[in-house]
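Chemist: Got a structure for you, written out below as structure tokens; questions coming shortly.
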Amino acid sequence: MPDTKDLIRRNRQWAERIQADQPEFFSRLAKQQTPDYLWIGCSDSRVPANQIVDMLPGELFVHRNVANVVMHADMNCLSVLQFAVEVLQVSHIVVCGHYGCGGVKAALGNQSHGMIDNWLRPIKDIYLNNEERFQAMASEEERLNLLCELNVKQQASNLCHTNIVQNAWRRGQSLAVHGFIYDIADGKLRDLEVDINSPQQLASIYRLDPDG
Ligand code: CO
């Protein structure tokens with residue numbers, strides 16, 4: 001059975017391999033990080049952020065939680081967002097969901113899973129707001145996949161509803177929010193063609209005006 005010694009051993013091999021290929025790699029990264037992207041993804045072990053976009057350490061600033069949820073009272077997510085936008089000055093934020101997401105599946109059902117029910121509860125609102133589309137679908141798998149996609153779009157919108165993103169736009173910072181979905185079955189990402197880069201793209205109720 002693998003144990004934690006295995007993690008250390010694998011880490012040594014990995015670090016030595018990179019060091020051999022690019023001798024300056026770690027010393028350069030130790031000085032600073034300058035990622036262009038903030039990635040908000042699911043904690044699912046099958047959706048490792050850097051690996052699926054073939055990026056090295058230093059290229060993605062990452063936040064992951066169950067079902068890639070952006071909640072306005074989540075200080076963890078908001079702190080990551082604020083640091084990424086205001087300090088690292090990322091140009092792009094990607095919300096990446098995945099088909100077959102266990103968190104989204106739990107939200108689609110009625111079984112209780114404990115504390116996490118509260119975390120997933122807002123995903124049920126997305127279902128309710130689109131109930132007719134769900135009821136027209138033939139299978140549970142299709143309903144789950146649709147909810148996975150709509151969840152990505154909702155969380156991308158939630159990002160844009162924060163004062164952090166809107167203040168960045170107001171300062172003239174170039175910042176776009178995107179939505180991707182990953183298919184665990186074939187390893188491919190799909191762009192859901194969410195591309196929000198100005199407050200004009202938001203419903204007016206969500207726009208924040210500091211002078212208003
Ligand atoms: Co998931």
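The values are calculated or read from the model by the stated rules, or taken from the named source; none is laboratory data. Everything numeric here is computed off the predicted structure, so don't read it as measured data. Here Cβ is always computed from backbone atoms with ideal geometry, including for glycine, and neighbour counts include all displayed protein chains. Note: areas computed on protein heavy atoms with side chains; ligands, DNA, RNA excluded. Shrake-Rupley method; radii C 1.70, N 1.55, O 1.52, S 1.80 Å.
Chemist: Can you compute the FRET efficiency between Glu140 and Ala20 using 1/(1 + (r/R0)^6), with r the Cβ-Cβ distance and R0 = 30 Å? Round to the nearest 0.05.
Modeler: 0.05
Chemist: Can you tell me which of Asn65, Asn11, Asn167 moves the most in a GNM of the chain? Springs connect C-alpha atoms under 10 Å apart.
Modeler: Among Asn65, Asn11, Asn167, the largest GNM mean-square fluctuation belongs to Asn11.
Chemist: Dipole of the chain (Lys/Arg Cβ +1, Asp/Glu Cβ -1, origin at the Cα centre): which of Tyr127, Leu146, Val90 lies farthest to the positive side?
Modeler: Val90
Chemist: On to the next question. With a length cut of 15 Å (Cα positions projected on each helix's long axis) and a Kyte-Doolittle mean of at least 0.0, go through the chain and give me the DSSP H helices that pass.
Modeler: none
Chemist: For the chain, modelled as a Gaussian network with Cα springs under 10 Å, which listed residue fluctuates most, Asn110, Asn76, Asn145?
Modeler: Among Asn110, Asn76, Asn145, the largest GNM mean-square fluctuation belongs to Asn110.
Chemist: Using +1 on the beta carbon of Lys and Arg, -1 on that of Asp and Glu, and nothing else charged, what's the dipole of the chain about the Cα centre, debye to 20?
Modeler: Computed charge dipole of the chain: roughly 520 debye.
Chemist: Still on this structure, I have one more. For the residue pair Asp195 and Asp209, what label-to-label distance in nm results when each label sits 7 Å from Cα along the Cα-to-beta-carbon direction?
Modeler: Output for this residue pair reads 2.8 nm.
Chemist: Could you work out the Rg to Rh ratio of the stretch 1-62, with Rh taken as the Kirkwood radius (inverse of the mean 1/r over all Cα pairs)?
Modeler: Using only Cα positions, Rg/Rh for the stretch 1-62 is 1.01.
Chemist: Using a Förster distance of 30 Å, how high is the FRET efficiency between His113 and Ser79, based on the Cβ-Cβ distance and rounded to 0.05?
Modeler: Calculated value: 0.70.
Chemist: Compute the Cα gyration tensor for the stretch 1-105, then decide on rounded, prolate or oblate, letting a ≥ b ≥ c be the square roots of its eigenvalues: rounded whenever a/c is under 1.5, prolate when a/b is larger than b/c in the other cases, and oblate in all that remain.
Modeler: Note, shape of the stretch 1-105 comes out oblate.
Chemist: Where is the GNM fluctuation largest for the chain (alpha-carbon springs, 10 angstrom cutoff): Gln32, Gln13, Gln155?
Modeler: Gln13
Chemist: How much length, in nm to one decimal, is gained on full extension between Gln51 and Arg171, taken as 0.36 nm per residue of separation minus their Cα-Cα distance?
Modeler: 39.9 nm
Chemist: Stokes-Einstein D for the stretch 80-197 at 10 °C, 1.306 mPa s, Kirkwood Rh over Cα pairs, in µm²/s?
Modeler: Rounded, D is 103 µm²/s.
Chemist: Assign one of three labels to the stretch 85-125, namely rounded, prolate or oblate, based on the Cα gyration tensor with a ≥ b ≥ c the square roots of its eigenvalues; rounded applies when a/c is under 1.5, prolate when it is not and a/b is larger than b/c, and oblate otherwise.
Modeler: Verdict is prolate for the stretch 85-125.
Chemist: Over all pairs of distinct alpha carbons, what does the Kirkwood formula give as the hydrodynamic radius of the chain, in Å?
Modeler: Hydrodynamic radius (Kirkwood, Cα pairs) of the chain is 18.8 Å.
Chemist: Check cross-link reach from Lys188 to the lysines: straight Cα distance under 27 Å, and skip same-chain residues fewer than eight apart.
Modeler: Lys105, Lys124, Lys153
Chemist: Give the carbon-plus-sulfur fraction of the accessible surface of the chain in %, rounded to a whole number; probe 1.4 Å, heavy atoms of protein chains only.
Modeler: 50 percent
Chemist: Mind checking the per residue accessible area of the stretch 54-204 for me, 1.4 Å probe, whole number of Å²?
Modeler: 50 Å²
Chemist: Right, here's the next one. Can you give the FRET efficiency to the nearest 0.05 for Asn11 and Asp36, using r as the Cβ-Cβ distance and R₀ = 35 Å?
Modeler: Approximately 0.85, to the nearest 0.05.
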